[in-house]
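Step one of this worksheet: look at the structure below.
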Amino acid sequence: MRFLIALTAAFIQLSATAAVWGQIEDRMARVAGDALYWHMDNGRSRLAFEAMPKGGDIHTHLRGAIYAETWLEWAAEDGLCAGMSRAALVFREEATCEDSGWVDAAAAQADESMRVQLINGLSTRSYVPTNGWSGHNQFFGTFGRISAKPERLGDQLAAVAERAGKQNILYLELMETIILPELFPLIAGVNMTGNVDDDYQTLMNGKFGAALGELTQKIQLQIANARKKKNELLDCETDTPKAGCDVKIRFLHQVVREFEPAMVYAQIILGWSAMEKAPDIVGLNLVAPEDGFRALRDYSLHMRMIDHLYTTRGPQNISLHAGELTLGLVRPKQLKFHMREAIEIGHAKLIGHGVAITYEDNSEQLLKKMVEDDILVEINLTSNAVILGVEGSDHPLAVYRDLDVPYTISTDDEGVSRIDLTHEYIRLAKTYRVPYFELRHVSRNSLTYSFLDGESLWSSDDCQADL
């Protein structure tokens with residue numbers, strides 16, 4: 001209790017003179033820091049870090065944030081099937097699951113052996129590297145094993161909001177692909193030339209362009225319905241709201257880049273329209289493995305697509321996965337330019353992962369540019385360890401810290417990785433012994449560099465002395 005009081009007090013502004021309060025706050029912050037590390041070194045990490053205000057999680061995929069057990073519960077309730085040959089949840093195709101060679105999801109949930117197999121297949125739980133199957137394979141392989149009804153979007157929001165609320169997290173910036181299957185018939189047979197100006201006109205003058213307004217409205221409607229259901233599930237409009245009702249949620253339009261150029265460009269254009277029309281959509285990101293065949297082949301083309309929209313339709317907030325690579329995963333030449341192009345061509349204000357920074361050509365100059373242009377890197381420690389095998393002293397976090405590149409801590413896919421944001425802060429503190437003042441600054445960065453409207457609270461005169 002003494003720790004919680006001290007920690008909370010360190011985040012409250014008192015109505016004292018600036019000089020006096022500065023001395024008081026410095027002392028209280030040092031006490032809070034000492035208490036925090038004492039708890040961490042004495043088996044009380046979870047208690048301390050869960051209570052610590054953590055700002056926001058601004059690099060998190062909604063689909064990857066849901067735990068496997070939850071997907072299985074929903075599948076059982078909605079009459080889905082379980083394909084046990086590859087441990088996946090699938091939609092019913094025949095009159096019964098058995099007619100398709102599958103098992104009813106409710107039956108699989110009730111059978112402990114199948115339940116364990118499904119949980120392990122939909123996450124990295126119990127994963128052990130084997131020849132031919134890496135952490136990278138296991139992690140990204142989970143997404144193709146998940147099936148859920150579209151109506152479950154509100155359930156997903158409720159799940160992540162409640163979890164965040166219980167950890168003293170204020171804000172979630174969720175990556176989600178809300179419209180995708182609808183695009184395929186609209187771009188079928190459309191040929192791209194590689195000239196982003198001409199290809200933009202081709203898409204806009206075809207069936208996709210004609211449907212763009214309707215697709216944008218559909219995104220807005222799905223988000224509105226999901227928010228309504230989330231509020232109902234958490235009793236937000238009652239006298240006894242659950243944790244998570246006060247967690248602010250915004251979305252990043254998530255573009256899946258492992259498609260042919262016409263499909264990727266259509267997704268980016270749709271994202272621009274959504275950002276222009278839907279206040280809930282505050283930015284855009286490209287997702288799917290950065291080392292995928294099309295992601296590597298078309299990386300520079302994707303950056304030019306973004307640049308074309310940025311320069312012709314007007315600037316929007318761009319956050320990009322870049323540098324989620326390491327030596328051995330790809331060839332050396334593919335480690336040398338992704339982050340630079342994301343920043344200089346793709347207009348990224350936020351860089352997700354950034355693990356390959358030291359492999360970039362003229363990396364020190366690029367790091368200085370990130371400092372000068374105030375470009376934040378989102379650090380995902382557990383994700384980088386599992387997917388890339390990069391952790392501890394091999395992780396470039398020390399490089400970012402040494403050169404004062406702004407950074408924050410995020411989860412990436414907390415459900416798949418079986419973690420939460422509290423876990424990541426504990427990992428940061430334990431692995432790198434980050435001082436309390438820096439932990440606090442990392443938390444504040446998550447809000448300062450988020451795509452929420454308005455100036456950062458910490459840029460105010462009252463808060464400048466507290467930085």
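Derivation of every value follows stated rules applied to the coordinates shown; laboratory data play no part. These figures come from a predicted structure and were not determined experimentally. Methodologically, a virtual Cβ is constructed for each residue, glycine included, from the backbone with ideal geometry; neighbour enumeration extends over all protein chains shown.
A compact table of results
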item	result
Percentage relative contact order, the stretch 224-337, counting C-alpha pairs under 8 Å, at least six apart	22
Of all DSSP beta bridges in the chain, antiparallel share, percent nearest 5	15
Note, ³J(HN,Hα) from phi for the stretch 282-288, Karplus 6.51, -1.76, 1.60, rounded to Hz, x at Gly and Pro	10, x, 9, 8, 9, 10, 4
Directionally averaged shadow of the chain, computed from the convex hull of its alpha-carbon atoms, nm²	24.5
All aspartates and glutamates inside 15 Å of K333 as judged from Cα atoms, apart from same-chain residues fewer than 8 positions distant	E290, D291, D298, E324, E341, E360, D361
Two-site FRET efficiency, A95 against E151, from Cβ-Cβ distance with R₀ of 30 Å, rounded to 0.05	0.85
Counted charge near Y67, where neighbours are those whose Cβ lies closer than 15 Å (Asp, Glu -1; Lys, Arg +1)	0
Options I178, A158, T312, ranked by Cα towards positive dipole end of the chain, top entry (Cβ charges)	A158
For V287, residues with placed amide H under 5 Å, excluding near neighbours	V255, V256, R257
Net charge of neighbours whose Cβ lies under 15 Å from the Cβ of H395, counting Lys and Arg as +1 and Asp and Glu as -1	-3
Proximal aspartates and glutamates to K207, defined as alpha-carbon separation beneath 17 angstrom and excluding residues fewer than eight positions away on the same chain	E182, D198, D199
Between the stretch 341-393 and the stretch 209-250, the alpha-carbon center distance in angstrom	32
Residue-averaged [θ]222 nm for the chain, counting only DSSP H segments that reach four residues, each worth -39500 (n - 2.57)	-14500 deg cm²/dmol
Across K230/K277; K349/K430; K149/K230; K336/K368; K166/K248, pairs whose alpha-carbon gap is larger than 19 Å	K230/K277; K349/K430
Length-normalised contact order for the stretch 356-467 - Cα pairs under 8 Å, 6+ apart - percent	23
